[in-house]
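**Q** Structure below; questions to follow.
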Amino acid sequence: MTGSSEVDLRFGNAVVDDVFFVSGYNIHGSVVAQGNPILGVHLYLYSNDVKEVPCSQGLTDAPREGALCHAVSGVDGKFSFRSMPCGSYDLLPYYRGENTVFDVSPSSLHVSLEHSHMTIPQKFQVTGFSVGGHVVDGYGAGIEGAKVIVDGQLRAVTDNLGYYRLDQVTSKKYDIVAEKDHYKFNRLGNFMILPNMESIDDIKSVRYDVCGVVQTVTPNSKAMVTLTHGPENVKPQRKIVSENGRFCFEVSTGEYRLSALPVDSEGSSNLLFSPEYIDVNVKCPLLDVEFSQSQVNVHGKILCKEKCNRNILLLLVRLAGGVEHETKTTSLEQDNANFVFTKVFPGKYRLEVKHSSSKAPANDDWCWDENTLDVDVGNDDVTNIVFVQKGYWIELVSSHDTEAYIRQPDSSKLELLIKGGSQRICIETPGQHELYLVNSCISFGTSPIVFDTQNPVLVHISAKKYLVRGEIHVDISSPLEEIDLLEDIVVDAFKSNGSSIDKISTMPVFAKSYQNGITVFEYSTWTDLGEDFIFVPRDSSTRRKKILFYPSRHQFSVSASGCQDAVPSITAKMGLYLEGSVSPATPDVHIMILAAGNSKYAMLKKGDIATETKTNSDGSFFAGPLYEDIGYEVEASKAGYHLKQTGPYSFACQKLGQILAHIYGENDTEMLPAVLLSLSGEGGYRKNSVSGSGGTFSFNNLFPRSYYLRALLKASTELTSQHF
């Protein structure tokens, strides 16, 4: 109730206006949480019948439009709306701070204000609230992705600025901790959360992981990392790296120095690492610190026969304990003959070079003075490595060993020995070459074979023909007369079925001749593999005495894929000739030479006829040639003559007589039956014969002497008798 506090009275009556009047009534209430007063809760006043009330508080951040006034709870949890007109009102509690949101019950309260002050009997209860906090590093910057653990339970994860919010909390003490890989945070232990606090105290990171790797390539090597030069309150640390080279330190913010060092053990004492040390400023986790064994560059160049090209490949193979490990490759630098391997660890290496074409990328088609070099890499760059091209590889596949030579572009001659199978030959001059094959016992077909080092192809060498050779040893100690042996001795070659193949001439072998009275002649022919031959030597001359061969023939099979064994040698001698005569001189006496035994050179058995001849007009005969490994018997015969052997090769010849008997009847025309003619003579000779019917009968081959002839009919009638 208010009014004017003074009245001015003068002479006369006065009327006092509005001395007392009531401007409105107060509405009082309170906000508590678990019996504790809550400061700072906003209460907004709404009404459907009261349109305006006196209110000194602003109406910003009202939960909905139409608020008439609002009040804020004090430290005692109480709030008041003063001088409110009578009417019906709705009270809405609301509180949202920067990091806190209250849950208040009831959410709305209806009151009616009469003509008196009003204290709301029902208290507004804060049943729960949301409160926020911040997880920060040592410099106050938010940490994203940190887990917030409240009383052992995950309740929130920080956003990209490091903020989090805990919902549905009540006023009590909590244990709050933040967790994130590679971070260590301070702990909010037994921390009291109240609804009216702006936010939870910051959770600060106090230590960070500093991690990295030490790369080593030396087997059985060990390394450690030291952490020094930190703040005064941090002691130096060191860690032995794990088997995979990893290490980690947990440190507070500050500046530190990391260094990699070898552990004093076999294989580690000579290790050097790069960089020598790394200075770091730790204000967050550092996970990519890297040390490696010192690395250097390996430089070299190629000396080529012609212009070098990018088909040259270099390989650097790391060796450890005699075992190959990592391999690096590189090619020549553009338009020059230099090469370089970068970032090479110290150690022992094998450096290889090869030139490969697109047709055979896996093969090296150049040959080198040395295609591999052992390189010991230390702490300094390696220089002055030189590979010198010697020539070009040519691949050969040959069926047999053979001598050969190559005619090079400058007309020089390169002698070589080709082995059977596959092999490579280094040709030192570029260009087109001719390969000539020289083999005395195998023919490889067309020669020469042409190849080019600029377009190398596989050279195939295959046997086409095989040389078969034999020798005839002529015994010049025998009386040879005037003989042209070079023209006279030939060898006839026959197939196994007897058909003729070739007539082979012979050639003297002077290097083997005139030893022990022997002259050597050689015959040869080119044949296919698998052929069978019969070689028959002969004397083709027309002279009176000829040569015979021991043995008379040889059978030979071409069965070996290579140089053939020589045909067994044949010995040639003047044949055995038998000279004899018949006395008195009688021509055309038939002379037979019979084998007296079995010959091992000629196809003769005992009693076989070796040869036949006849006597000349002077009664002599000449028989041969005959093999001298057996003896011979001579027989002579001629119709009407008796020949008697008087010497080994001489005969006495006696002509024999004849008696002709003519048989007649009483009349010349009378035909007589068969007549028995009986002829007897000196020395007991007797011969009986029966004549035919009439005609003449003769007794031949009769020695000179007296004979008595009787003629008898079958009836034992003696017709006549005659003495001769």
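**Q** Given the options F102, F79, name the one that is at pLDDT below 90 and of a type in the set (F, W, Y).
**A** Selected residue: F102, the only one of F102, F79 that is at pLDDT below 90 and of a type in the set (F, W, Y).
Yes/no per residue for (1) outside any strand (DSSP E or B); (2) at pLDDT 90 or above; (3) within 24 Å of G35 (Cα to Cα); (4) within 60 Å of the chain's Cα centre (by Cα):
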| position | (1), (2), (3), (4) |
| --- | --- |
| V111 | no, yes, yes, no |
| P121 | yes, yes, yes, no |
| Q125 | no, no, yes, no |
| G128 | no, no, yes, no |
| G133 | no, yes, no, no |
| G140 | yes, no, no, no |
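**Q** Yes or no: segment 196-206 includes at least one residue that is part of a loop (DSSP other than H, G, I, E, B), closer than 28 Å to G145 by Cβ and free of Cβ contacts under 8 Å to residues at least 40 places away in the same chain.
**A** no
**Q** Within segment 153-173, is even one residue more than 56 Å from the chain's Cα centre (by Cα), assigned by TED's automatic domain parsing to the domain that holds V280 and small (G, A, S)?
**A** No.
**Q** Hey, another quick one. Only one of these is without any contact (Cβ under 8 Å) to a residue 60 or more places away in the chain, outside the structural domain of N281 (by TED's automatic domain parsing), over 30 Å from V251 (Cβ atoms) and part of a loop (DSSP other than H, G, I, E, B): G58, G40. Name it.
**A** G58
**Q** Can you tell me how many residues in segment 142-151 are in a loop (DSSP other than H, G, I, E, B) and free of Cβ contacts under 8 Å to residues at least 24 places away in the same chain?
**A** Qualifying residue count, segment 142-151: 1.
**Q** All but one of (1) within 22 Å of T170 (Cβ to Cβ); (2) surrounded by fewer than 18 Cβ atoms within 10 Å (Cβ to Cβ); (3) among the hydroxyl-bearing types (S, T, Y) hold for Y95; state the number of the condition that does not hold.
**A** Only one criterion in (1) within 22 Å of T170 (Cβ to Cβ); (2) surrounded by fewer than 18 Cβ atoms within 10 Å (Cβ to Cβ); (3) among the hydroxyl-bearing types (S, T, Y) is unmet by Y95, namely (2).
**Q** Same structure, new question: Is there a residue in segment 307-327 that is under 26 Å from H182 (Cα atoms) and either outside any loop (DSSP other than H, G, I, E, B) or under 36 Å from the mean Cα position of the chain (by Cα) (or both)?
**A** No.
**Q** Additional query: So which strands (runs of 3 or more DSSP E) are wholly in segment 362-469 and hold at least 1 residues that are over 30 Å from L314 (Cβ atoms)? Please lay out each step first, then the result.
**A** Numbers: elements: 366-368, 372-377, 382-398, 402-407, 413-418, 421-427, 432-438, 449-452, 459-461.
Filter on segment 362-469 gives 382-398, 402-407, 413-418, 421-427, 432-438, 449-452, 459-461.
**Q** Let me ask something additional. From the set of residues in segment 146-186 that are among the small types (G, A, S) and out of contact with any Asp or Glu (no Cβ under 9 Å at 6 or more places or on another chain), which is farthest from L287 (Cα to Cα)?
**A** Among those that are among the small types (G, A, S) and out of contact with any Asp or Glu (no Cβ under 9 Å at 6 or more places or on another chain), it is S171.
**Q** Which condition number does G692 fail, the rest of (1) modelled with pLDDT under 60; (2) assigned to a loop (DSSP other than H, G, I, E, B) being met?
**A** For G692, the exception is condition (1).
**Q** Quick check on segment 343-380: of everything there that is surrounded by 14 or more Cβ atoms within 10 Å (Cβ to Cβ) and charged (D, E, K, R), which residue is nearest to the chain's Cα centre (by Cα)?
**A** D364
**Q** Moving on to the next point. Residue under question is N281, and the condition is that it be at pLDDT 90 or above, of a type outside the set (A, V, I, L, M), over 29 Å from the mean Cα position of the chain (by Cα) and part of a strand (DSSP E or B); does it hold?
**A** So N281 passes the test.
**Q** Further question on the same structure: For segment 662-671, check the following and say yes or no: at least one residue is at pLDDT below 90 and either of a type in the set (A, V, I, L, M) or under 17 Å from F703 (Cβ atoms) (or both).
**A** So far as segment 662-671 goes, yes, one or more of its residues are at pLDDT below 90 and either of a type in the set (A, V, I, L, M) or under 17 Å from F703 (Cβ atoms) (or both).
**Q** F549: assigned by TED's automatic domain parsing to the domain that holds V491, outside any loop (DSSP other than H, G, I, E, B) and in contact (Cβ under 8 Å) with a residue 24 or more places away in the chain, yes or no?
**A** So F549 passes the test.
**Q** Next up: For the condition basic (K, R), in contact with a strand residue (DSSP E or B) (Cβ under 9 Å, 6 or more places away or on another chain) and not in a loop (DSSP other than H, G, I, E, B), what is the one hit in K605, K573?
**A** Numbers: K605 fails: not in a loop (DSSP other than H, G, I, E, B).
Checking each option against the conditions leaves just K573.
**Q** Within the set of pairs 6 or more residues apart or between chains, which connect a residue that is assigned to a strand (DSSP E or B) and at pLDDT 70 or above inside segment 510-523 to a residue that is surrounded by 15 or more Cβ atoms within 10 Å (Cβ to Cβ) and charged (D, E, K, R) with Cβ atoms less than 6 Å apart?
**A** Close Cβ pairs satisfying both conditions: V520/E471; E522/E471.
**Q** Follow-up. Please enumerate the residues belonging to segment 627-650 that are touching a Phe, Trp or Tyr at 6+ places or on another chain (Cβ under 6 Å), surrounded by 18 or more Cβ atoms within 10 Å (Cβ to Cβ) and either part of a strand (DSSP E or B) or among the polar types (S, T, N, Q) (or both).
**A** Of everything in segment 627-650, those that are touching a Phe, Trp or Tyr at 6+ places or on another chain (Cβ under 6 Å), surrounded by 18 or more Cβ atoms within 10 Å (Cβ to Cβ) and either part of a strand (DSSP E or B) or among the polar types (S, T, N, Q) (or both) turn out to be V634, A636, L643.
**Q** Condition first: outside any loop (DSSP other than H, G, I, E, B) and β-branched (V, I, T). Now tell me which residues in segment 212-237 satisfy that.
**A** In the first step, residues of segment 212-237 are kept if they are outside any loop (DSSP other than H, G, I, E, B); the result is 212-215, 223-228, 237.
Hits for segment 212-237 are V213, V214, V225, T226, T228.
**Q** Might you check whether a residue that is crowded, with 16+ Cβ neighbours inside 10 Å and among the acidic types (D, E) occurs anywhere in segment 136-153?
**A** Within segment 136-153 (the criterion being crowded, with 16+ Cβ neighbours inside 10 Å and among the acidic types (D, E)), the answer is yes, since at least one residue qualifies.
The values are calculated or read from the model by the stated rules, or taken from the named source; none is laboratory data. Bear in mind the structure is a predicted one, so any value in this text is a computation, not a measurement. Every residue, glycine as well, gets a Cβ built from its backbone with ideal geometry; the counts of neighbours run over all protein chains shown.
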